[in-house]
Amino acid sequence: MTQEVQELVNQGKMLPLMEEFYTIQGEGFYKGTAAYFIRIGGCDVGCHWCDVKESWNAQLHPPTETEKIVSNAKKYSNTIVVTGGEPLTWDMTELTKQLKAEGMTIHIETSGAYELSGEWDWICLSPKKMKLPTHGVYEKANELKCIIYNKDDFRFAEEQAKKVNGECILYLQPEWSKRDIVVPLIVDYVMANPKWKVSLQTHKYLNIP
């Protein structure tokens with residue numbers, strides 16, 4: 001990557017684009033909603049159960065003009081989901097400014113491990129034990145989505161629930177490879193603690209991206 005391109009990436013005028021696709025949002029509050037996904041490469045959080053580990057190395061994904069990303073997105077949907085990787089690795093100001101100028105509703109899916117940048121209509125915070133969210137993301141999160149891989153994750157979820165704002169919707173979601181084991185635990189937990197809701201990866205049941 002040339003120094004000139006690196007500078008444009010640092011400014012958010014180019015971003016390491018892994019993939020972009022139009023599909024149905026499978027998780028959380030907006031599950032079942034048609035949305036255009038923009039997946040940005042680069043993540044150093046390192047979840048061992050991550051289902052898009054190929055997103056981690058930003059160098060594998062070509063720096064793409066933010067203007068071009070927005071131009072593609074507006075052909076498909078007014079609802080845009082920015083995901084990763086960890087999109088907040090990069091400055092999201094320029095991307096969200098351009099999407100807003102096109103009248104888009106913009107969601108982000110983030111671990112919150114980096115400072116919040118950009119202007120968002122919906123923030124889905126999915127915190128990870130190995131790199132906790134920044135204070136600003138806790139304050140502004142619209143939904144908290146805690147992944148349940150083992151029983152200790154219920155403890156972690158409760159810790160995280162104490163840090164988000166009072167309007168934030170709380171979700172527990174089974175880690176896909178452990179779903180047969182943890183779904184019964186989640187069902188029991190939510191029934192005993194009804195401030196939580198269940199989130200499922202419905203797109204995997206629908207066999208779509």
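Figures for the structure shown
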quantity: Percent accessible area from carbon and sulfur atoms, the stretch 22-177, protein chains only, probe 1.4 Å; calculated: 49 percent
quantity: Sequence-distant residues sharing a close amide H with Ile169 (under 5 Å, placed H); calculated: Glu143, Leu144
quantity: For the stretch 56-73, Karplus couplings with θ = phi - 60° (6.51, -1.76, 1.60), whole Hz, Gly/Pro x; calculated: 4, 8, 4, 5, 7, 10, x, x, 10, 4, 4, 4, 5, 4, 5, 4, 5, 4
quantity: Rounded to the nearest 20 debye, dipole of the stretch 13-93 from Cβ charges on Lys, Arg, Asp, Glu; calculated: 280 debye
quantity: Hits among lysines - C-alpha to C-alpha of Lys13 under 16 Å, sequence gap 8 or more where chains match; calculated: Lys68, Lys97, Lys100
quantity: Long-range amide H partners of Asp91 with built H, under 5 Å; calculated: Gly12
quantity: Residue (of Leu170, Phe154, Leu132) at the positive-pole extreme of the stretch 102-172, dipole from beta-carbon charges; calculated: Phe154
quantity: Probe 1.4 Å, protein heavy atoms only - accessible area per residue of the stretch 1-109 in square angstrom; calculated: 47 Å²
quantity: Net charge of Cβ neighbours under 11 Å - reference Ala58; Lys, Arg +1; Asp, Glu -1; calculated: -2
quantity: Ile40 long-range amide H proximity, modeled H, under 5 Å; calculated: Met18, Thr83, Gly84
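The values are calculated or read from the model by the stated rules, or taken from the named source; none is laboratory data. Since we're looking at a predicted model, the values are computed, not measured. Every residue, glycine as well, gets a Cβ built from its backbone with ideal geometry; the counts of neighbours run over all protein chains shown. To get the accessible areas, we keep the full protein, side chains included, count just its heavy atoms, and leave off ligands, DNA and RNA. Shrake-Rupley method; radii C 1.70, N 1.55, O 1.52, S 1.80 Å.
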